[in-house]
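Written below as structure tokens is the structure these notes are about.
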Amino acid sequence: RRAAASVSTAPPPAPPDVGPTNPWARPAPWLGAYYQLRQGDPAAMHNRERRRGKAAPKRGRFITQEVERREVARRNVAEPWRDMKGFDRGDILEVEHRPADVGSDGPTERVVGVCIAKHHRALGSSFRLLCKPDDLPVEYQFAAYSPLLVSVDVRSRPRKRPRLSKLYYLRQRASELKFPEPRRPEGKRR
């Protein structure tokens, strides 16, 4: 017969001291063991000191992305047309904007053109509009969350959705495109 195992009530042994004197102490994981292997090399020590004060890169990116996500959500609630879900590439859009040289409280301009691209980059989201004011092809790139952008209206949609995500080939065919005139704001006459 086997003897019953005795149960010890003594506390478990204390872990070894994990201080700078411990040979198994680990450096910060993102610094890597490379610097531990090259302790005497002045170039490695210089790089280690240069990088020691910096945080791991992913943390800062996460915080920035979260702040941008919340700001985008807040602005989309206030002005739902800014999220660019109401239009797609190939749509004829009428965009009311303030020219950059006038500032945020100057008069507005209206342009009509075809949306040839959308770029989704959180607060840096933008779309490209190919227009023909005065029968001369011009391409605008509007930042969706810019305070200079006043409104975006869809004038018409294509019968068939384009298969490409960017319609840059329309730049060569700009002479064939026809756009309606921009609508005049209410109460204004020529």
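The values are calculated or read from the model by the stated rules, or taken from the named source; none is laboratory data. All values derive from a computational prediction rather than experimental measurement. Reconstructed Cβ throughout: ideal geometry from the backbone, glycine too, with neighbour counts over all protein chains shown. With ligands, DNA and RNA removed, areas are computed over all heavy atoms of the protein, side chains included. Shrake-Rupley method; radii C 1.70, N 1.55, O 1.52, S 1.80 Å.
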Apart from one, (1) of a type in the set (Val, Ile, Thr); (2) surrounded by fewer than 17 Cβ atoms within 10 Å (Cβ to Cβ); (3) under 17 Å from Trp81 (Cβ atoms) all hold for Val102; the odd one out is (3)
Subset of region 131-164 [open to solvent by 100 Å² or more (accessible area, probe 1.4 Å) and over 22 Å from Pro99 (Cβ atoms)]: Arg157, Arg159, Lys160, Arg161, Arg163
Specify the residue that is least open to solvent (accessible area, probe 1.4 Å); the eligible residues are those in region 165-188 that are free of Cβ contacts under 8 Å to residues at least 24 places away in the same chain and assigned to a helix (DSSP H, G or I). Tyr169
In region 131-183, residues that are over 26 Å from Val72 (Cα atoms) and out of contact with any strand residue (DSSP E or B) (no Cβ under 8 Å at 6 or more places or on another chain) total 16
